[in-house]
């Protein structure tokens, strides 16, 4: 069931260009041929009934990125609203543009991904334009394996 949910969020991209590396609990690992990139991706297990959110950790050899976090929020956020990612007792401020959020820099990316690899769950919190707080919650079982599988799939460039 979760495998189908992960695959459903990838419908927007051409199917022929995507290779499924594997599905590890609630996380999938995929490789795109053009542009060459590999990523682990999951949908939130709780998002207040809002569809459309996801979190991914991508490796893009052509851009020099390795294990870079990207989050698509399940709801619009207020223009000035901060986005915070929490794993256990660790909290990270994310940079956000619209519904997309990511780490501010490479050291932050490394810290975020290390926390995700070691954690059991994570939540991403923000506030809607109407001032209502919301959170997207992710199970992290399978995340480390999916991240590793994606990184290995792009190791050769």
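Bear in mind these aren't lab numbers, they're just calculated from the coordinates by the rules spelled out. In this text, all values refer to a predicted model and were calculated from it rather than measured experimentally. Glycine gets a Cβ as well: all are built from the backbone with ideal geometry, and neighbour counts include every protein chain shown.
Extension gain for residue 34-residue 20 works out to 3.6 nm (0.36 nm per residue, less the C-alpha to C-alpha distance). Fully extending the segment from residue 65 to residue 120 would add 17.3 nm, taking 0.36 nm per residue of separation and subtracting the current Cα-Cα distance.
Between residue 93 and residue 155, the modelled labels are 3.7 nm apart [label points 7 Å from Cα along Cα→Cβ]. Would you mind pulling out the separation of the Cα centroids of the range 27-46 and the range 111-130, in Å? Answer, in whole Å: 17. Spacing of the modelled spin labels on residue 105 and residue 127, each 7 Å from Cα toward Cβ, amounts to 2.7 nm. Computed from these coordinates, which is semi-axes √(5λ) of the Cα gyration tensor in Å: (i) 28, 24, 13; (ii) 26, 17, 14; (iii) 24, 17, 15? The calculated read-out lines up with (iii). The angle between the Cα long axis of helix 106-118 and the longest principal axis of the Cα atoms of the chain comes to about 90 degrees, rounded to the nearest 10. In the chain, the longest principal axis of the Cα atoms and the axis of helix 143-153 are about 40 degrees apart.
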